[in-house]
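I have placed the structure first, in the form of structure tokens, so that the comments after it can refer back to it.
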Amino acid sequence: MLTPLELDIMKAVWDRSPITVRNVQNAIRPSRSLAYTTVLTIMDRLYHKGFLKRTMRSRTHYYEPGIEYSTVRDEAVGSLIKSYFGSKDRLREFLNGEPVAAPQPRPNGDGAAHVGLDETLL
């Protein structure tokens with residue numbers, strides 16, 4: 001899953017590839033005023049994670065997507081559904097205004113059943 005900054009950078013790459021770091025910096029500038037080196041670092045990390053491909057042309061790296069937008073979107077939506085609803089069927093029930101069944105008990109680290117929010121993080 002991408003962080004919000006990584007997603008902004010990837011959107012610039014999906015929209016304008018092949019693209020340089022400087023052009024990505026300019027593309028995201030209206031909402032994020034970031035230093036060139038910050039954008040470069042994030043893009044290098046995305047490259048090493050496999051989200052970006054890069055090629056060198058006359059001492060400049062050009063970046064292209066290493067993964068399709070739809071793949072990233074589908075994974076993020078699937079994760080959201082699983083985290084909040086458990087399944088697509090329970091999401092569908094929620095969207096149709098039907099009562100959604102209570103979450104199933106799940107074991108804690110100590111083997112005891114746990115239902116609801118983990119209050120240790122609140």
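The values are calculated or read from the model by the stated rules, or taken from the named source; none is laboratory data. The structure displayed is predicted, hence computed values, not measured ones. All Cβ positions, glycine included, derive from the backbone under ideal geometry; neighbour counts span all protein chains shown. The protein model used for the area step is the full one, side chains on, heavy atoms only, and it has no ligands, DNA or RNA in it. Shrake-Rupley method; radii C 1.70, N 1.55, O 1.52, S 1.80 Å.
Tally the residues that are outside any helix (DSSP H, G or I) and of a type in the set (Ser, Thr, Tyr), restricting the search to segment 82-92.
Adding up the residues that qualify gives 1.
Determine whether PHE85 is at pLDDT below 90 and within 25 Å of LEU2 (Cβ to Cβ).
yes
Given the condition at pLDDT 95 or above, over 20 Å from the mean Cα position of the chain (by Cα) and closer than 14 Å to THR20 by Cβ, answer yes or no: does some residue in segment 40-53 qualify?
No; the residues of segment 40-53 include none that is at pLDDT 95 or above, over 20 Å from the mean Cα position of the chain (by Cα) and closer than 14 Å to THR20 by Cβ.
Could you list all residues from segment 60-76 that are surrounded by 12 or more Cβ atoms within 10 Å (Cβ to Cβ) and either touching a helix residue (DSSP H, G or I) at 6+ places or on another chain (Cβ under 6 Å) or among the hydroxyl-bearing types (Ser, Thr, Tyr) (or both)?
Going residue by residue through segment 60-76, those that are surrounded by 12 or more Cβ atoms within 10 Å (Cβ to Cβ) are 61-67, 69, 72, 75-76.
TYR62, TYR63, PRO65, TYR69 - these are the residues of segment 60-76 that are surrounded by 12 or more Cβ atoms within 10 Å (Cβ to Cβ) and either touching a helix residue (DSSP H, G or I) at 6+ places or on another chain (Cβ under 6 Å) or among the hydroxyl-bearing types (Ser, Thr, Tyr) (or both).
Here is a check on your reading of the model: is SER79 part of a helix (DSSP H, G or I), touching a residue at least 12 places away in the same chain (Cβ under 8 Å) and open to solvent by less than 80 Å² (accessible area, probe 1.4 Å)? Steps first, please.
Working: part of a helix (DSSP H, G or I): yes; touching a residue at least 12 places away in the same chain (Cβ under 8 Å): yes; open to solvent by less than 80 Å² (accessible area, probe 1.4 Å): yes.
Yes; evaluated as a whole, the condition is true for this residue.
Give segment 36-59 a look and list any residue that's surrounded by 11 or more Cβ atoms within 10 Å (Cβ to Cβ) and either among the basic types (Lys, Arg) or over 14 Å from LEU2 (Cβ atoms) (or both), or say none.
Of segment 36-59, the ones surrounded by 11 or more Cβ atoms within 10 Å (Cβ to Cβ) are 36, 38-47, 49, 51-54.
Residues satisfying the conditions are TYR36, THR38, VAL39, LEU40, THR41, ASP44, ARG45, LYS49, LYS53, ARG54.
Quick check on my filter: what residues within segment 18-55 are in a helix (DSSP H, G or I) and among the charged types (D, E, K, R)?
Within segment 18-55, ARG22, ASP44, ARG45, LYS49 meet the criteria.
What pairs can you find where one residue is in segment 1-22 and under 21 Å from ARG59 (Cβ atoms), the other is part of a helix (DSSP H, G or I) and hydroxyl-bearing (Ser, Thr, Tyr), and their Cβ atoms are less than 8 Å apart, with a gap of 6+ or different chains?
From segment 1-22, the pairs are VAL21/TYR36; ARG22/TYR36.
Quick check: is even one residue across segment 64-72 of a type in the set (A, V, I, L, M), under 18 Å from the mean Cα position of the chain (by Cα) and in a loop (DSSP other than H, G, I, E, B)?
Quick first cut of segment 64-72, residues of a type in the set (A, V, I, L, M) only: 67, 72.
This time we only want the ones that are under 18 Å from the mean Cα position of the chain (by Cα), so: 67, 72.
This time we only want the ones that are in a loop (DSSP other than H, G, I, E, B), so: 67.
Looking for residues that are of a type in the set (A, V, I, L, M), under 18 Å from the mean Cα position of the chain (by Cα) and in a loop (DSSP other than H, G, I, E, B), one finds at least one in segment 64-72, hence yes.
Checking SER33 against (1) exposed (fewer than 12 other Cβ atoms within 10 Å of the Cβ); (2) under 17 Å from the mean Cα position of the chain (by Cα); (3) free of Cβ contacts under 8 Å to residues at least 24 places away in the same chain, which single condition isn't satisfied?
The failed condition is (2).
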